[in-house]
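Novice: I'd like to ask some things about the structure below.
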Amino acid sequence: MPSCDIFCTVIDNFGDIGTSWRLARQLAAEHGWHVRLWVDKLEAFAHLCPTIDPHAYKQQVGDIIVEQWSTDSDIKINIEAADIVIEAFGCNPPPAYIAAMAKRAAYQHAPVWINLEYLSNESWVADFHLKSSLHPRYPLLKTFFFPGLIAGSGGVLQERTLLASQRAFLSAPNARIAHCASLGIPPAAAQATLISLFSYENANLEALLSAWCNSATPITCIVPAGIISAAVACFFGMPKLTAGMVAARGHLTVYGIPFVEQDRYDLLLWICDLNFVRGEDSFVRAQLAQKPFVWQIYPQPDNAHYVKLEATLAAYAFALPDEARLALSSFWRKWNNTSAAPLALDWNHFWQPRNRFANHAINWAQTLAKLGDLAGNLAQFCESQLK
């Protein structure tokens with residue numbers, strides 16, 4: 001089986017390492033690859049994988065070897081390049097490693113070099129997916145691999161056992177109430193409209209929480225520890241919102257929970273009626289959860305994210321009936337408004353076609369499955385290049 005080095009830098013938040021860690025585990029477990037994951041900030045990684053030692057330069061977690069590296073300094077040890085090299089999101093392996101790749105190319109098969117790009121659903125993606133460029137100094141080809149939700153892209157990460165695991169979990173008696181209990185949420189609150197809230201800072205949060213307070217029916221909101229926690233606490237006049245804390249106003253009750261590792265976060269997505277997600281990794285997992293969701297895209301200074309948001313809306317909402325599609329599109333756009341002035345969020349209008357959203361979420365997951373799993377697509381391409 002081939003060896004593989006994955007390089008990841010944690011820019012901010014958890015999207016980069018979340019995707020890299022999930023890919024590493026899947027390539028090892030489902031394709032038998034010998035995977036080494038290079039990460040620059042192990043402190044961030046430890047939030048997703050509590051067994052990580054943030055101070056260790058080299059360690060093994062399950063089948064994966066994890067090594068620490070820095071973009072500010074080169075690798076000081078002699079190193080052999082792997083059969084397959086994946087740089088996550090254009091992070092560029094260190095110069096000494098690229099030199100090792102060139103050295104290997106001189107006497108045996110050059111490593112298959114992949115730049116795993118950010119997920120995008122813009123129309124140009126299909127034209128650039130799997131296209132290569134030659135390194136300016138060495139005889140090395142770098143191939144660009146684009147995750148996406150549209151035909152012609154590399155698809156998204158979805159483990160072979162995911163659907164079976166979800167069915168087994170949800171088929172257990174009182175799965176929702178039992179999982180809520182494990183998070184400190186009582187049965188009565190678990191039977192309300194259950195919403196998870198995982199987002200970046202958002203000028204529209206106060207309007208959303210106010211709408212939920214005035215909802216005609218009870219709403220339970222679960223907030224994993226993160227950027228948004230302080231703003232939620234501020235809304236309730238509290239100094240902070242941490243795991244185990246509860247706040248209530250009107251028909252809204254909010255529960256703070258810890259930041260949980262990936263597998264436990266999936267369970268949260270599965271039991272909720274609606275999930276607010278952000279960035280890339282939780283965005284993909286919300287779709288695979290087959291539940292309605294609201295996406296907050298990573299904001300970019302030049303507002304380039306608006307183009308990506310519209311491309312995703314065009315793909316995801318296309319098959320919804322007109323009324324539901326307009327309600328979803330309007331709400332997503334307002335939730336992604338990056339101006340300082342909040343916009344009026346019409347929660348009742350958005351949530352009215354919730355049954356259509358729920359049916360669409362199930363159908364959409366089946367559409368994604370037809371694209372193939374990203375790890376499988378990537379493994380098939382790389383192994384074909386090694387022959």
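Novice: Work out how much length Leu170 to Thr217 would gain on full extension: take 0.36 nm times their residue separation and subtract the Cα-Cα distance, in nm to one decimal.
Specialist: Between Leu170 and Thr217, full extension yields 14.5 nm more.
Novice: Counting only DSSP beta bridges with both residues in the chain, what percent are antiparallel, rounded to the nearest 5?
Specialist: The answer is about 20 percent antiparallel.
Novice: With a probe of 1.4 Å, find how much accessible area the chain has per residue, and write the answer as a whole number in Å².
Specialist: Accessible surface, normalised per residue, equals 44 Å².
Novice: Taking 7 Å along the Cα-to-C-beta vector as the label spot, tell me the Gln108-Gln59 distance in nanometres, rounded to one decimal.
Specialist: About 3.0 nm separates the two model spin labels.
Novice: Follow-up question, since we're still on this one. As a test question: what accessible area, to the nearest 10 Å², does Leu374 have when a 1.4 Å probe is rolled over all protein chains in place?
Specialist: Approximately 10 Å² for this residue.
Novice: Any chance you could give the angle, 0 to 90 degrees and rounded to 10, that helix 162-171 forms with the longest Cα principal axis of the chain?
Specialist: The angle comes out at about 30 degrees.
Novice: Rolling a 1.4 angstrom probe over the protein chains, ignoring ligands and nucleic acids, what is the accessible area of Thr19 in square angstrom, nearest 10?
Specialist: Surface accessible to solvent at Thr19 totals approximately 10 Å².
Novice: ³J(HN,Hα) across region 10-17 via Karplus (A = 6.51, B = -1.76, C = 1.60, θ = phi - 60°), whole Hz, x for Gly/Pro?
Specialist: Coupling constants for region 10-17: 8, 6, 6, 6, 10, x, 5, 6 Hz.
Novice: Sticking with this one: Please report the carbon-and-sulfur percent of the accessible area for the chain; probe 1.4 Å, protein heavy atoms only, DNA, RNA and ligands left out.
Specialist: Values: 9380 of 17020 Å².
Result for the chain: 55 percent of the exposed heavy-atom area is carbon or sulfur.
Novice: Among 359-365, 204-210, how do they line up by average Cβ neighbours within 10 Å per residue, starting with the highest?
Specialist: 204-210, 359-365
Novice: Using amide H atoms built in the peptide plane, which far-off residues or other-chain residues are under 5 Å from Val10 H to H?
Specialist: Asp40, Lys41
Novice: How large is the accessible surface of His349 in square angstrom, using a 1.4 angstrom probe and rounding to the nearest 10?
Specialist: 80
Novice: Taking 7 Å along the Cα-to-C-beta vector as the label spot, tell me the Asp12-Ala248 distance in nanometres, rounded to one decimal.
Specialist: With each label point 7 Å from Cα toward Cβ, the separation is 3.6 nm.
Novice: When you take every Cα atom in region 1-131, what is the radius of gyration, and what is Dmax, the widest Cα pair distance, in Å?
Specialist: Cα radius of gyration and Dmax of region 1-131 are 14.7, 43 Å respectively.
Novice: May I ask you to evaluate 6.51 cos²θ - 1.76 cosθ + 1.60, the Karplus curve with θ = phi - 60°, for each residue of region 284-293 and list the ³J(HN,Hα) values in order in whole Hz, giving x for glycine and proline?
Specialist: 5, 5, 5, 5, 6, 6, 6, 10, x, 8
Novice: Relative contact order of region 122-258, please, whole-number percent, based on alpha carbon pairs below 8 angstrom and at least 6 residues apart.
Specialist: With pairs under 8 Å counted, the relative contact order is 16 percent.
Novice: Can I ask one more? Can you bin every Cα-Cα distance in region 320-387 into 10 Å intervals starting at zero and give me the percent of pairs per bin, rounded to whole numbers?
Specialist: Percent of pairs per bin, in order: 17, 29, 22, 19, 10, 2.
Novice: Using a Cα-Cα cut-off of under 17 Å, which aspartates and glutamates could be cross-linked to Lys131, ignoring same-chain neighbours fewer than 8 residues away?
Specialist: Glu87, Glu117, Glu122, Glu383
Novice: Could you work out the helix-only [θ] at 222 nm for the chain, with each DSSP H run of four or more residues adding -39,500 (n - 2.57) and the total divided by the number of residues, to the nearest 500 deg cm²/dmol? Could you put the intermediate results ahead of the total?
Specialist: Values: 16 runs with 158 residues, N = 387.
When only DSSP H runs of four or more count, the value is -12000 deg cm²/dmol.
Novice: Where Rh denotes the Kirkwood radius from the mean inverse Cα pair distance, what is Rg over Rh for region 265-363?
Specialist: Reported Rg/Rh (Cα atoms, Kirkwood Rh): 0.94.
Novice: Right, next: Let's test the formula: R0 of 22 Å, r as the Cβ-Cβ distance of Ile79 and Glu30. What FRET efficiency results, to the nearest 0.05?
Specialist: Efficiency, from the Cβ-Cβ distance: 0.25.
Novice: Which of the lysines could be linked to Lys58 by a straight reach, that is with a Cα gap under 26 Å, when you skip same-chain ones fewer than 8 residues away?
Specialist: Of all the lysines, those that pass the test against Lys58 - Cα under 26 Å, at least 8 places apart if same chain - are Lys41, Lys76, Lys103.
Novice: Still on this structure, I have one more. If the chain were replaced by its equivalent ellipsoid, with semi-axes equal to the square roots of 5 times the Cα gyration tensor eigenvalues, what would those be, largest first, whole Å?
Specialist: In descending order the semi-axes read 38, 23, 20 Å.
Novice: While we're looking at this one, here's another question. Going out from 0 in 5 Å bins, what whole percent of all Cα-Cα distances in region 174-296 drops into each bin?
Specialist: Histogramming region 174-296 at 5 Å steps yields 2, 11, 24, 27, 22, 12, 2, 0 percent.
The values are calculated or read from the model by the stated rules, or taken from the named source; none is laboratory data. This one's a predicted model, so the numbers in the text were calculated from it and none came from an experiment. FYI the Cβ positions are ideal-geometry reconstructions off the backbone, even for glycines, and counts take in every protein chain you see. Just the protein is used for accessible areas: all its heavy atoms, side chains included, with ligands, DNA and RNA removed. Shrake-Rupley method; radii C 1.70, N 1.55, O 1.52, S 1.80 Å.
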